[in-house]
Amino acid sequence: MAINSQNCFEASKANWGNDSLECRKNVSLYSEFMKQKVFVDAAKFWNKTQKFCPQYKPNLYKNGIYIYKQIAKEKKKAKDPQLKLYVDTIYSIYNDWVINFGNCDQIKADLAADIMALDASKGFAKAYDLYKKVFQDSPKFTSYNDIKYFVYANKYMLKTKKIECDQFLENYELLSEICDQNISKEINVDKYQKVQAFLDQEISPCASCDKLEEIYTSKYNASKDDMKLIKKIFERLSNNKCTESSLYIELLDKVLNDPNNPPTAKDLYNAAVADYKRKQFTKAEERFNRAVKIAGDENLKQKIYEILYDISFNKNQYKKALSIAGKFTDACTANDKKARIVASSSTKYGTSAFNKSLIYCLALQYASKSCGKTSTNAITSWKGQLLPKSELIMLDIKSGSSQQVPFWGQNVELKTRD
């Protein structure tokens, strides 16, 4: 039996111990109570099983940990002062597991996760050490939740000066690579993309653009023709808003113009966001449009439409902005954006009080379908721009009649401010 290995010991058959009758009886009893979720009784007979046949199967210890975790959850909910006793019992079960079947990376990963879930404030350092080894040697035993736990442990170690920023950044690179691998294999893509965004956010105190450029320049110089590496560095710099660096600008040209490795939608999106932040709106718009044509990810498309709408809005391209608003999958958001762009057109096309009133009627019509996304202040302001009934009477026009809105060409029910 391995004392300490990456892979856990798997029992080919049950070891019933010296008193097989007692072992079989107690295995049956604790298993049945566990199935019935009667965890206190399950714990009682689990302890007897562990006493009579401690090497029955490794699964004995997995089940024991599960049983005591369920009890601990209830104790925590009830704010029971005995909670610590149950948490300590969980740790002792891990210890017995290792004594009877040897240590392995799966046990280390499970123990690290339980420390973070049950007793993080007192066990950050231990969880950090366990996770570091598992992520380096056996990331297959981890999940996206483990990445989040490890990041929290890193933050504690950094805050207490037990590690420096360089080590946090090194761990960040390791975790980002694991995210990339899972995304490329289409394993929980949405979860790992969200965890990557979380990583990028949490690393920010250590990830100044100067520091990131220093780290990535050395990696790039060591392998200038590795397009996979170049794209990864490009994405990392983009995610951390390091789009003014000379390295980013150099990589930008490679990523977007390599004939053997056409840019992905995400590459074009990252480049376009950088252009947008530099107020290079024409170039940004061109790249966003290229990205949206090849994007398969609907979430990415929605992000692109958000910025394309803003560009058109700021350029007073009213009908273009209205068309983009129609591409939002959330109808409430779409109607809010339509309301805002229609209202903004009143400056140019509300050439008379009557025309302006019609434009705001259309804006209010869209706002009424925005599910509350259009602000109350905006709606109140637009209603104040409508003509009063007295002025419609002077114009010989009936309130409630159908009228064509100038510029927009749509018919709308004419409303008044009173």
Those GluC sites (Glu not before Pro) from segment 207-283 that are DSSP loop and have at most 16 other Cβ neighbours within 10 Å turn out to be GLU244
Do any trypsin sites (Lys or Arg not before Pro) in segment 332-392 lie in a DSSP loop with no more than 15 other beta carbon atoms within 10 Å, and if so, which? LYS369
Please enumerate, by chain and number, the aspartates and glutamates with C-alpha under 16 Å from the C-alpha of LYS383, excluding those fewer than 8 residues away in the same chain. ASP336, GLU391, GLU413, ASP418
If contacts are Cα pairs under 8 angstrom and at least 6 residues apart, what is the relative contact order of segment 1-101 in percent? 29 percent
Listed residues ALA363, ILE249, ILE324: farthest to the positive end of the dipole of the chain (Cβ charges): ALA363
Counting alpha carbon pairs within less than 8 Å and at least 6 residues apart, what relative contact order, in whole percent, applies to segment 332-418? 31 percent
By how many degrees, between 0 and 90 and to the nearest 10, does the Cα long axis of helix 39-52 differ from the longest principal axis of the chain? 40 degrees
Search the structure for amide H atoms under 5 Å from the amide H of CYS104, placed 1.01 Å from N in the peptide plane, and list their residues when 5 or more places away or on another chain. SER5
Total formal charge among the other residues, if their Cβ is under 15 angstrom from that of ALA291, Lys/Arg +1 and Asp/Glu -1: +1
Rounded, prolate or oblate, given the Cα gyration tensor of segment 1-101, with a/c below 1.5 counting as rounded? oblate
Please report the relative contact order for segment 142-298, taking Cα pairs under 8 Å with a sequence separation of at least 6, and give it as a percent rounded to a whole number. 15 percent
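Tell me the net charge near LEU83. Cut-off is 12 Å between Cβ atoms, LEU83 excluded, with +1 for each Lys or Arg and -1 for each Asp or Glu.
+3
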If each K or R counts +1 and each D or E counts -1, the residues other than VAL195 whose Cβ falls under 14 Å of its Cβ total -3
The pairs in LYS132/LYS185; LYS254/LYS283; LYS133/LYS254; LYS155/LYS277; LYS75/LYS155 lying past 26 Å Cα-Cα in this model are LYS133/LYS254; LYS155/LYS277; LYS75/LYS155
Name the residues whose placed amide hydrogens come within less than 5 Å of the amide hydrogen of ASN411, ignoring near sequence neighbours (fewer than 5 apart) on the same chain. VAL405
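With a cut-off of at most 10 other beta carbons within 10 Å, and DSSP calling the residue loop, which GluC sites (Glu not before Pro) in segment 6-38 qualify? Please list them.
Listed in order of number, the matching sites are GLU10.
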Lys, Arg +1 and Asp, Glu -1 on Cβ, resulting dipole of segment 1-101 about Cα centre, debye, nearest 20: 380 debye
Please name whichever of THR333, THR351, ALA378 sits farthest to the positive end of the charge dipole of segment 332-418, dipole taken about the Cα centre and charges placed at Cβ: Lys and Arg +1, Asp and Glu -1. THR333
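Read the figures in this text as sums done on the coordinates, not as results from a lab. Keep in mind the model is a prediction, meaning the values are calculated, not measured. Heads up, the Cβs are rebuilt from the backbone with ideal geometry, glycines too, and the neighbour counts pull from every protein chain shown.
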